[in-house]
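See structure below.
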Amino acid sequence: MFDPGEASENFLKPVNVASALFFETPQQIFARVHREIRPRTPAPAVDVEYRRFANANSQIRLEAGRLAVTITDLLAAAPAPVTEALAHILLGKLYRRPAARQYAHRYRLYLNRKDVRRQIGLLRQERGRKIHTGPEGELYNLEEIFEELNRAHFGGMMARPAIGWSLVRSRTRLGHYDPSHNTIVISRIFDDARAPRLALEYVMFHEMLHLHYPVDHSGARRCVHTPEFKAHEKQFPQFREARALLKKLL
Ligand SMILES: [Zn+2]
């Protein structure tokens, strides 16, 4: 990110003079467009935040004299003229005066660029993807199972994450904890009268231990079982029996 303060220090260098003159932060762009379309309204302070959205939506609010702009992070790397066009569109919405056609056109042109469209499609897929169907199954409610184990093994002190049944009846992935979504997903094969409840409880307990022993290097998808983790896991009543049931089930 360009730092305007740094530019004024090096002001004598011609290359930085050029950037200092032509570089505007998104805040400055929104403030300038506000002056252009509402010259008589006192200029509000502007906050611009880029946030993860599953689509290309952006929002604007005027609150206590501050303009709060939330822009999808898909546009974080957009060229300044695109941010300017978006400022015209959002401020136009705020003041109920549609932006001039040229801005709407410029913005649409950018979103329709092949590379941009592709990136939006990929992010939508990744962020909108449903990874479970909620805790209520045919036979078992996973939140009830979680709370029973929570009371029995963690003094009821474990904060409940999102919990749900997997979309498919996976036999290779019986359960997993996803720290980025704070979600436990349990394989749907356990929501079945043929699958013993003890096996389901054991898998849930295992995933709860992943919450209890968080892994330092965040973002790792690996299943990490430290010695403490394994020792704690053995405290599960009927540990051997549960493991044997799982082997049979697979
Ligand atoms: Zn594990």
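The values are calculated or read from the model by the stated rules, or taken from the named source; none is laboratory data. Small disclaimer: the values here were computed from a predicted structure and weren't measured. With ideal geometry, Cβ positions are generated from the backbone for all residues, glycine too; neighbour counts draw on all protein chains shown.
Filter the stretch 211-223 down to residues that are within 13 Å of the ligand (Cβ to nearest atom) and out of contact with any Pro (no Cβ under 8 Å at 6 or more places or on another chain) and give me whichever is modelled with the lowest pLDDT. So that I can check it myself, show each step before the final result.
Step one: list which residues in the stretch 211-223 are within 13 Å of the ligand (Cβ to nearest atom), which gives 211-215, 220-223.
If we keep only those that are out of contact with any Pro (no Cβ under 8 Å at 6 or more places or on another chain) too, we end up with 212-213, 220-223.
On the way: H212: 93, Y213: 91, A220: 46, R221: 49, R222: 58, C223: 61.
My answer is A220.
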Problem set entry | Options A152, A162: the member that is under 26 Å from R127 (Cα atoms) and either surrounded by fewer than 16 Cβ atoms within 10 Å (Cβ to Cβ) or more than 16 Å from the ligand (Cβ to nearest atom) (or both) | A162
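Going through Y202, Y177 one at a time, which residue ends up being under 26 Å from T133 (Cβ atoms), modelled with pLDDT under 95 and within 16 Å of the ligand (Cβ to nearest atom)? Step through it out loud before you land on a result.
Values: Y202 fails: modelled with pLDDT under 95.
Just one listed residue meets the conditions, Y177.
Among the residues of the stretch 167-194, which ones are surrounded by 15 or more Cβ atoms within 10 Å (Cβ to Cβ), aliphatic (A, V, I, L, M) and under 23 Å from the mean Cα position of the chain (by Cα)?
The first filter runs over the stretch 167-194 and keeps only residues surrounded by 15 or more Cβ atoms within 10 Å (Cβ to Cβ), leaving 170, 174-179, 183-192.
If we keep only those that are aliphatic (A, V, I, L, M) too, we end up with 174, 184-186, 189.
Listed by number, the residues that qualify are I184, V185, I186.
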Exercise. Which condition number in (1) surrounded by fewer than 12 Cβ atoms within 10 Å (Cβ to Cβ); (2) without any contact (Cβ under 8 Å) to a residue 24 or more places away in the chain; (3) more than 24 Å from L209 (Cβ to Cβ); (4) not hydroxyl-bearing (S, T, Y) is the one that A100 fails?
Worked result: (1)
Exercise. How many residues are without any contact (Cβ under 8 Å) to a residue 40 or more places away in the chain, more than 10 Å from the ligand (Cβ to nearest atom) and not in a helix (DSSP H, G or I) when one looks only at the stretch 224-235?
Worked result: 2
Exercise. Do we have any residue at all in the stretch 139-147 that's away from the ligand (no atom under 16 Å from the Cβ), assigned to a strand (DSSP E or B) and not small (G, A, S)?
Worked result: yes
